[in-house]
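See below for the structure under consideration.
The values are calculated or read from the model by the stated rules, or taken from the named source; none is laboratory data. What you see is a predicted model; the values in this text were computed from it and never measured. Don't worry about glycine lacking a Cβ; one is built from the backbone with ideal geometry, like all the others, and counts go over all protein chains shown.
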Amino acid sequence: MEHRADELFVFRSGAPLPVLPEGSPTWTGFEPEVAAYRGRQHVVLELAFDDRANLESVAERLSALLHAFCPTNGLAVRAARGAKREVLAAPFTRTSSVRLQRMRGGSIELSSTPRFVPVHGAPLFWIESPANASEEDERPLRFGACIARPGADAPEEAITQALRTLVEACVDLEGCVSGILTAQGPERTLASHALPYEALVANVANVADAAEASHLRAQTPWLRSHVRSPGWLVLVPTAGARRLSKKIPDGLTVERTRSGTLVQLDAPTPFAMTKTESMERWLQPLLA
């Protein structure tokens, strides 16, 4: 499988990505990363908050989303702190609440299947406060979700609306430093390191350890002025917006928020994304 140079903006220009030699029509060798980035089998959401965030406000919004996806028998909960990991006896139900104050240096995963992977009809959610966060970050908080594509318009629109509502509610809170709602090929879990675009960038840039490159990029100071990947809905932080062209490309809709600018591709859902080049090119200064 080959890709024309104009199909993958990631290869066009800009450090740390190489520039194609003049007259070179194709790039090969990055097919797995490209397929993962272009795939639409799973919708993924990631949000990040720094130490300015009001944990009660964040918890209220996360709880509301989890209630919307909670089956009658509740969501199974797996908690981890340090080397200890256990599935809790009590599930998360529609009357439960997220307790973020207990999340310092730990994580929880919530799923309607005991396998804790996103499968058809069983979304997966996770909340993490990295144990290796630097002192100045004071344990940044991250939330993620992954849902397998239902394959029908109505449920895909309902999933999109629920996740978009959460993003809109969170970016109007102080301390929200990153947000992306998009679709990709492979499933995503708490154990996943890089988004497909990040893995592609790391591999093209000849970074020996793509996971470590992604980890470094995901640190809070970096997120305050960058975006992790193009996608269906992306938060452009205020500190990075000045590096973008003032001319908004066709095919994008922008909305100002407390945390920056929300940029959305003109497609009804993340699953329906087709032409992504306008966002890729516009966000290029914030991706490297």
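The residues of region 264-288 that are in contact (Cβ under 8 Å) with a residue 60 or more places away in the chain and farther than 23 Å from Asp153 by Cβ, listed by number, are Glu277, Glu280, Arg281, Gln284, Pro285, Leu286, Leu287, Ala288.
For region 253-264, the criterion of being modelled with pLDDT of 90 or more and within 21 Å of His193 (Cβ to Cβ) is satisfied by no residue at all. Residues that are under 13 Å from Val227 (Cα atoms) and part of a loop (DSSP other than H, G, I, E, B) within region 174-193 are absent altogether.
Within region 27-49, residues that are in a strand (DSSP E or B) and polar (S, T, N, Q) reach no partner that is surrounded by fewer than 24 Cβ atoms within 10 Å (Cβ to Cβ) and at pLDDT 90 or above with beta carbons closer than 6 Å at six or more positions or on different chains.
Among residues of region 151-163 that are within 20 Å of Ile180 (Cα to Cα), those with a beta-carbon under 7 Å from a residue that is in a helix (DSSP H, G or I) at least six positions away or on a different chain give the pairs Glu156/Phe271; Thr160/Pro270; Ala162/Leu65; Ala162/Ala68. Assess whether Ala145 counts as being part of a helix (DSSP H, G or I), under 17 Å from the mean Cα position of the chain (by Cα), modelled with pLDDT of 85 or more and under 24 Å from Arg52 (Cα atoms). Taking the combined requirement at face value, the residue does not satisfy it.
Residue count for region 150-163 satisfying the condition of being touching a helix residue (DSSP H, G or I) at 6+ places or on another chain (Cβ under 6 Å) and surrounded by fewer than 19 Cβ atoms within 10 Å (Cβ to Cβ): 2. Within region 192-210, is even one residue modelled with pLDDT under 90, of a type in the set (Asp, Glu) and under 14 Å from the mean Cα position of the chain (by Cα)? Taking every residue of region 192-210 in turn, at least one turns out to be modelled with pLDDT under 90, of a type in the set (Asp, Glu) and under 14 Å from the mean Cα position of the chain (by Cα). Given the structure, is Thr113 more than 20 Å from the chain's Cα centre (by Cα) and modelled with pLDDT of 95 or more? Taking the combined requirement at face value, the residue does not satisfy it. I'd like the full set of residues that are part of a loop (DSSP other than H, G, I, E, B) and in contact (Cβ under 8 Å) with a residue 24 or more places away in the chain, limited to region 75-113. Residues satisfying the conditions are Gly82, Arg94, Ser96, Ser97, Val98, Arg99, Met103, Arg104, Gly105, Ser112, Thr113. Residue pairs whose Cβ atoms lie under 8 Å apart, separated by 6 or more positions or on different chains, with the first residue in region 173-190 and surrounded by fewer than 24 Cβ atoms within 10 Å (Cβ to Cβ) and the second of a type in the set (Ser, Thr, Tyr) and in a strand (DSSP E or B), are Leu190/Ser107. Between Thr238, Thr261, Thr253, the distinction of being closer than 27 Å to Ile159 by Cβ and either surrounded by 14 or more Cβ atoms within 10 Å (Cβ to Cβ) or touching a Lys or Arg at 6+ places or on another chain (Cβ under 9 Å) (or both) belongs to Thr261 only.
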